[in-house]
Every structure is written in structure tokens, then in C-alpha cells.
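Colleague: Handing you this structure, nothing more for now.
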Amino acid sequence: MSNINNKRLAWVIKDSQGNFCHANSIVKWNKTAWIYASYKEFSQECRGYLNLQQAKQYLDELKSKAKEIGLDESFHLDYVDLNKLVRQYIVSDEKAENIILVEKVKKQVA
């Protein structure tokens, strides 16, 4: 992580609502259902990527999974100060409500 003026800078993936996610945020639940997990605040379940190329690779993987299952969601990269995000999470009262789960049933092609 870049360390400029005591900031821990890293790339993160966010969805269209500004929630944090990562390459493995979309996982297969059973034969036809998938789960998409995102997080309102940066927490221990989230990922920060050290270099832009790696972050772009994981972003592409997530976009590919979303397209494959028909998840109507867009994703983008953001360059953030992880120290600031961790401090915000520590003082937050909404830790139990941090995760957002979406079940998506993949449509079967006849």
C-alpha cells in the first residue's frame, strides 16, 4: 500500500451504491443460485489492492461473474485511505448491518 503522509492508500472495488466488494463477492450458492455480498463500510471482509493492474484484474473478474449470472450491477475502482476507512468502521454503530446480501438465480438457457 502506498504510504504518503501517514496515509495507507490502496485501490478498492465499489458497486454502483458505493458499497465495497471484491473479486470473490459473487459466489455460487447451489446449482442455480448465486450470492452477491457487498459491504456498506470497509471492514475485515473487504480487500484493498496494492497496485492498479491487480485491482483492474479483480474488477474485470467481478464484472465477468456479474455478467455471467445476469446481475444488474456496475463496479468501479476507487483509491482510498484505508486508515480513514478503518477509523470510520471502528466508530460506526451499524457493524451488524454492514453486509448486504443479494441472491441471484441464474436463468437457465433452454
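Colleague: If each DSSP helix of 4+ residues adds -39,500 (n - 2.57) and the sum is divided by the residues in the chain, what number results at 222 nm, nearest 500 deg cm²/dmol?
Modeller: Numbers: 2 runs with 28 residues, N = 110.
That calculation yields -8000 deg cm²/dmol at 222 nm.
Colleague: Shifting gears a bit: Could you tally the net charge around S38, taking each other residue with its Cβ under 9 Å from the Cβ of S38, Lys/Arg +1 and Asp/Glu -1?
Modeller: Working: positive: K14, K40; negative: D15, E73.
Result for the neighbourhood of S38: 0.
Colleague: Just grab the label-to-label distance for Q53 and E103, each label 7 Å out from Cα along the Cβ direction, in nm (one decimal).
Modeller: 4.1 nm
Colleague: Which percent of the accessible area of the chain is formed by carbon and sulfur heavy atoms (probe 1.4 angstrom)? Walk me through the numbers before you get to the answer.
Modeller: Numbers: 3570 of 7140 Å².
The nonpolar share, carbon plus sulfur, comes to 50 percent.
Colleague: Between helix 52-69 and the chain, what is the angle of the helix's C-alpha long axis to the longest principal axis, kept within 0 to 90° and rounded to the nearest 10?
Modeller: Result, in degrees: 30.
Colleague: Given the options Q44, Q57, Q17, which has the most mean-square fluctuation in a GNM of the chain, springs set between C-alpha atoms less than 10 angstrom apart?
Modeller: Among Q44, Q57, Q17, the largest mean-square fluctuation in the Gaussian network model of the chain belongs to Q44.
Colleague: Then there is this: Per residue, how many Å² of accessible area does the chain show with a 1.4 Å probe? Numbers along the way, then the final one.
Modeller: On the way: 7140 Å² over 110 residues.
That works out to 65 Å² per residue.
Colleague: At I90 and S43, where each label point lies 7 Å from the Cα along Cα→Cβ, what is the point-to-point distance in nanometres?
Modeller: If labels sit at I90 and S43, their model points lie 1.7 nm apart.
Colleague: In Å³ and rounded to a whole number, note down the convex hull volume per residue for the Cα atoms of region 1-98. The partial results should precede the final answer.
Modeller: Details: hull volume 9.3 nm³, N = 98.
Dividing the Cα hull volume of region 1-98 by its residue count gives 94 Å³.
Colleague: Please identify, among E61, E45, E73, the residue showing maximal mean-square fluctuation in a Gaussian network model of the chain using a 10 angstrom Cα cutoff.
Modeller: With Cα springs under 10 Å in the chain, the top fluctuation among E61, E45, E73 is at E73.
Colleague: Let me ask another. Modelling each spin label as a point 7 Å along the Cα-to-Cβ direction, I'd like the K31/D72 distance in nm, to one decimal.
Modeller: 2.8 nm
Colleague: Exactly which trypsin sites (Lys or Arg not before Pro) in region 38-102 are in a DSSP loop and have at most 12 other Cβ atoms within 10 Å? Could you put the intermediate results ahead of the total?
Modeller: Working: sites: K40, R47, K56, K63, K65, K67, K84, R87, K95; in loops: K40, R47.
Of the trypsin sites (Lys or Arg not before Pro), not one in the loops of region 38-102 has a Cβ with at most 12 other Cβ atoms within 10 Å.
The values are calculated or read from the model by the stated rules, or taken from the named source; none is laboratory data. Predicted model only: the values in this text are computed from it and were never measured. Cβ coordinates were reconstructed from backbone atoms using ideal geometry, including for glycine residues, and neighbour counts include every protein chain displayed. Heavy atoms of the whole protein, side chains included, go into the accessibility calculation; ligands, DNA and RNA do not. Shrake-Rupley method; radii C 1.70, N 1.55, O 1.52, S 1.80 Å.
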